[in-house]
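Below is one structure, written out as structure tokens; comments come after it.
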Amino acid sequence: MKSNKNLYDTSDFPKEHPLYSNANKKVLGKMKDECNGTPIAECVCLRPKMYSILKGDEKNIKIAKGVKKCVVKKQIMHEQYKETLFGKKQLWHGINILRSQRHEIYGMYVNKISLSPFDSKRWIAEDGIHTKAYGYNTPLNLHLNLQILKLLKSLQPKKL
């Protein structure tokens, strides 16, 4: 990181940190350390925008898109992220929301999936770790597909 310091915004690091600099503060396109120089003890990433980071100073960063912040803060713990990932199960939490229908506002209690290891945009291998995007073709499959296309084109009747 020190050799590529020009790529990072380290303005949120403690002032006594050796990599601290205000040079790239709030500059678009610069990478930022979410933990501000604090080492990461453990990270559980279930899917995009759904992860928990346990920092070295025992503080926790929990993100779960689509789940109310008060539920993430008060009810969901780092251990539940691990249980969800390794147990391949979903967690449900109830939330109170306001809904509007025909210009009438009412309160509603809804059970939502809060944590889920199942990613709808990726194919997950048998080991549960390696993934590929849907529609991904390996070079071997691409080669076979090209050969099939050439064969089909050769079988089409020729125009006069």
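Any read-out appearing in this document is the output of simple, stated calculations on the displayed coordinates, not a laboratory observation. Keep in mind it's a predicted model, so treat the numbers as computed, not measured. Every residue, glycine as well, gets a Cβ built from its backbone with ideal geometry; the counts of neighbours run over all protein chains shown.
Out of Cys43, Cys70, which single residue is among the hydrophobic types (A, V, I, L, M, F, W, C), under 17 Å from the mean Cα position of the chain (by Cα) and on the phi < 0 side of the Ramachandran plot? Can you show your working first?
Values: Cys70 fails: under 17 Å from the mean Cα position of the chain (by Cα).
Only one candidate qualifies: Cys43.
Here is a yes/no grid of residues against (1) closer than 25 Å to Ser120 by Cα; (2) in contact with an Asp or Glu (Cβ under 8 Å, 6 or more places away or on another chain); (3) not aliphatic (A, V, I, L, M):
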position: Thr38; (1), (2), (3): no, yes, yes
position: Ile53; (1), (2), (3): yes, yes, no
position: Glu58; (1), (2), (3): no, no, yes
position: Lys74; (1), (2), (3): no, no, yes
position: Tyr81; (1), (2), (3): yes, no, yes
position: Gln90; (1), (2), (3): yes, no, yes
**Report entry** Breaking point among (1) more than 24 Å from the chain's Cα centre (by Cα); (2) under 29 Å from Cys35 (Cα atoms); (3) not aliphatic (A, V, I, L, M), for Gln147
**Finding:** (2)
Query - Odd one out for Asn96, checked against (1) of a type in the set (S, T, N, Q); (2) under 22 Å from Ile129 (Cβ atoms); (3) surrounded by fewer than 15 Cβ atoms within 10 Å (Cβ to Cβ) - result: (2)
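Would you mind finding the one in Leu46, Leu54 that is in contact with a Pro (Cβ under 9 Å, 6 or more places away or on another chain), surrounded by 14 or more Cβ atoms within 10 Å (Cβ to Cβ) and aliphatic (A, V, I, L, M)? Before you say what the answer is, go through the steps one by one.
Working: Leu54 fails: in contact with a Pro (Cβ under 9 Å, 6 or more places away or on another chain).
After ruling out the rest, the residue left standing is Leu46.
Could you tell me whether any residue of region 96-103 is touching a residue at least 12 places away in the same chain (Cβ under 8 Å), among the hydrophobic types (A, V, I, L, M, F, W, C) and within 24 Å of Glu34 (Cβ to Cβ)? Walk me through it before giving the result.
So the first thing to find is which residues in region 96-103 are touching a residue at least 12 places away in the same chain (Cβ under 8 Å), and the list is 96-97.
Okay, now just the ones that are also among the hydrophobic types (A, V, I, L, M, F, W, C), so 97.
From what is left, the residues that are within 24 Å of Glu34 (Cβ to Cβ) are none.
No.
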Query - Residues that are farther than 19 Å from Val44 by Cβ and of a type in the set (Phe, Trp, Tyr), drawn from region 105-132 - result: Tyr106, Tyr109, Trp123
Requested in this report: Could you give me the residue pairs with C-beta distances under 7 Å whose first residue belongs to region 49-75 and is touching a residue at least 40 places away in the same chain (Cβ under 8 Å), whose second residue is surrounded by fewer than 16 Cβ atoms within 10 Å (Cβ to Cβ) and part of a loop (DSSP other than H, G, I, E, B) wherever it lies, and which are 6+ apart or on separate chains?
Outcome: Met50/Lys65
